Each structure stands twice: as structure tokens, then as C-alpha cells.
1. Return His368, His231 ranked ascending by Cβ neighbour count within 10 Å, so the fewest neighbours appear first.
2. How many nm is it between the label spots at Asn377 and Ala229, if each spot is 7 Å from the Cα in line with the beta carbon?
3. How big is the gap, in Å, between the Cα center of segment 117-139 and the Cα center of segment 229-248?
4. Students often get this wrong, so check it: of Lys218/Lys385; Lys85/Lys121; Lys71/Lys130, which have C-alpha atoms separated by over 27 Å?
5. Treating only the Cβ of Lys, Arg, Asp and Glu as charged (+1, +1, -1, -1), what charge dipole size does segment 228-389 show about its Cα centre? Round to the nearest 20 debye.
6. Using only the Cα atoms of segment 284-324, each taken as one equal point scatterer with no solvent, compute I(q) by the Debye sum, divide by I(0), and report log10 of the ratio at q = 0.31 Å⁻¹.
7. Work out, step by step, the length gained on full extension between Glu30 and Asp311: first 0.36 nm times the residue separation, then minus their alpha carbon distance; give nm to one decimal.
8. Test of understanding: extend the Cα→C-beta vector of Ile257 to 7 Å, then name every residue of segment 203-237 with backbone N under 19 Å from that spot.
Amino acid sequence: MNQQQTMDIQQAINHAAGMIVFDAEFNILEINEKLCKYLGFTQAEIFLTPDFYLTKTCFDYSVESRTRELKAKHSWQADIAFVNKTGEHIWFSESISVISKKQQASEYYIGLFFNIDSEKKLQQQLIKVKTDLTKLIQAKNAAENAKKANSEFFANMSHELRTPMHAILSFTHLSLKQFTDYPLSERATSKLENFLLNIENSANRLLRVLNEVLDLSKLEAGKTPLKLAEHQIYNLCHQICMEYQGRAEEKNIKLLINQPDREIKLRCDKDKILQVLSNLLANAINYTAENKTIQLYMESTELKLGKRSYDTVTTAGVLVSVSDQGIGIPEDELKSVFDKFIQSSHTDSGIGGSGLGLSISQQIILAHQGKIWAESNLGGGTNFKFFIPYSLVGYDADNSVSAC
């Protein structure tokens, strides 16, 4: 090492907050008093812990990368935090160089440390502020979306409630007009019967909407206990297909249902699962064009129910799918269609409905400790799937909820 190199090193040392000389294993051989004061340790305390550098620091790089660079006789620069005597992290910029001695086979390293604690902590504060700001923006967007959803719901509900109510009032008024002459003529009697049928249909439609709102409120509040019993899932799917066979035939839609090789029995609330199947099949028929096919499929399988990427535990249960050849749902809306009061932009076509059917279905499946989701079919249309475990946690053999 020539005189100029020696002077350069000395100048760097003078500007540095600290200096450490390491052996090849990063044990501390020398440490200057200035760095000791920063850390709150005496030199003697540090020398009693030769691996101080490895155990009292933290960094965001790999030890292997540092070792690889230094073994290749390259210098190393990075940010590192020492843990001082009070447990506080103090940040430094480290610059480590390889020093070789001809008379010694082994190498050693000299590290210079420059205090960047204020800058680093300011940077961390800025990152935290940025993160908090991002969360605030997300919360603001979520609130705006919720407000928009509520506005759409009330607009939709106003229409759903107002339309049958107007029909009831109108047909009631027309019915009363038939009584101007008494006894009623055959023509007036026929009219009156037709008006009363319309009143009944409108009242039933109004009742369905109100029931959906009440059902969803109870499900979300956890006030709808499950009436569990063992049922063959095929029988439930077959029953719902029979109920909708007439509606499907009106559009010349084929309802196909696979029959498993063996019986698949499941403990579930029969009425609730029939409600889910009814919602899914009704939607499939509504949004599928004439001369198409809707398929119901079921199988016994295992599925990962955890939402985190590292959740690997699988649960045994029953998977049911309702696959249609309808107009489909955009990929970015496959999750949001289960939100309250939301309808897909593709399916919001004036067919009707409160937009609560899928939300109710989701709450029912969640109450069964399962999962429901939608997928796009490759050939067009949508495939709605739900999974229910064979064993429900927290329920005793007599179907009552066990104490936690």
C-alpha cells in the first residue's frame, strides 16, 4: 500500500462514524471508540462478543451475496442497522474492503461506517406516510363504492317495490270499477278475475323482494340457525331441476345433471341449499339464450379453504357447480357479483331482480363453513361453484351449535 492510499484511507476513517476490522469469518478484531459511543457499548463488551457484527445487526441483503463479493476481492457497500445497548436500531452506510497481507494466507476486512440514521428514519417515515396515504385512498374508494352500491340498491329497490305496488293499486281500482253494475256481467266477472290474478302476482313479487331483504339481514346478523340433516346432494339438485324444468322448456334450454357413481351424502340445511341452487339455476336460465344447455355437476373432493397463499390444508367435502352458456360475466366482476345490491354490467339488462340472490347464497354457504365463487367458461357463459365441508366445526351430532 503506497503513501497516497494510506492517506486516502486515513481521510475516510476521519470522516466515518466508525471503523471495524474483521477476520475472514467477520469476527471483530478492532473497533474504534467513536462507533462504540454510537452503540453505547465499551470496546471490552464488544470484544467479549466476537460475532457482534453478525448478531447485533439487521439488513435487507443476503449474507451470501456479501460473502460472495468479498471473496471475489470486490468491495461491498450497503445499508446496515446496528442494535445499540438500549435495543434501538441505528442505521449506517457500510463500505467494506478486502485487505490482504503477503505474509499471511488469510485475508481480513476493513469496514467504514457512515451514520445515515436520520436520513434512513426519515425515509422510513416517508414510506409509512405513503403507505398510510394509500390505505386512506383505498378506504375512501371503498366508502365511495359502498355509497354508490347503496344508491344503486335504493334505486333498484325503489323500482322493485314501486312497480308491484302500482300494479296492485291500479288493478284494485279497475276491480272496484266493475261493481258499478250489479250483478256482474260475465264479461265483468272475467275482467275482475284477471285483475285479481294480477294483484296476487304483484303482491307475491313484492313479498319475495321483502323476504330477500329480511333473509339477508338475518343471515348477516347470524340469526338464522342451520337445521342440519343428512341429505343426498343429487336429490336436492334433481328436485330444483324439476322445479325449473318448465321455465327452461319455454326457452328450449336443456337442463343436464350428472349422477355420481356413488351416493354423496352431506349434512346441510336442506331448505337453505335448495335456496342457493334455486338462485343459481334461476340466474342461469334468465341469462342463457334459447336452445342452449345448463349443466349441474357434483363431486366429492378436497379443497383448500384458506385465503392466504401459504394455506395448504385441504378439507373434504362436496363441490357443486351450475354451468351455463349465457352472456357471461367480465373477469374483473367475478368477485363483486356476490356483493350486496351488485349486478354484473353484462347481466344488468332489465331482466329484474333485487341483486340480492347471490349475496344471500354466499351467506348461506359461509354459514355452512364453505366457499362459493364464479368462473368464466372457456366456451362462453359462467360456472358458479360452491363447496361445503362434510364436517362442520362447532356443531354437535344433534345439529346444535357446540359451545366454544
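1. Details: His368 25, His231 17.
The fewest-first ordering by Cβ neighbours comes to His231, His368.
2. 3.3 nm
3. When both Cα centres are located, 55 Å separates them.
4. Numbers: Lys218/Lys385 23 Å; Lys85/Lys121 19 Å; Lys71/Lys130 39 Å.
Those over the limit are Lys71/Lys130.
5. Numbers: 16 positive and 19 negative charges, 67 e Å.
Here segment 228-389 has a charge dipole of around 320 debye.
6. -1.00
7. On the way: separation 281, 0.36 × 281 = 101.16 nm, distance 4.74 nm.
Using 0.36 nm per residue and subtracting the Cα-Cα distance, I get 96.4 nm.
8. It comes to 229-237, nothing else.
All of the numbers you see were taken from the coordinates with simple rules; none came from a lab. Just so it is clear, the structure is predicted and the values come from calculations on it, not from any experiment. So basically every Cβ, Gly included, is an ideal-geometry build from the backbone, and we count neighbours across all protein chains shown.
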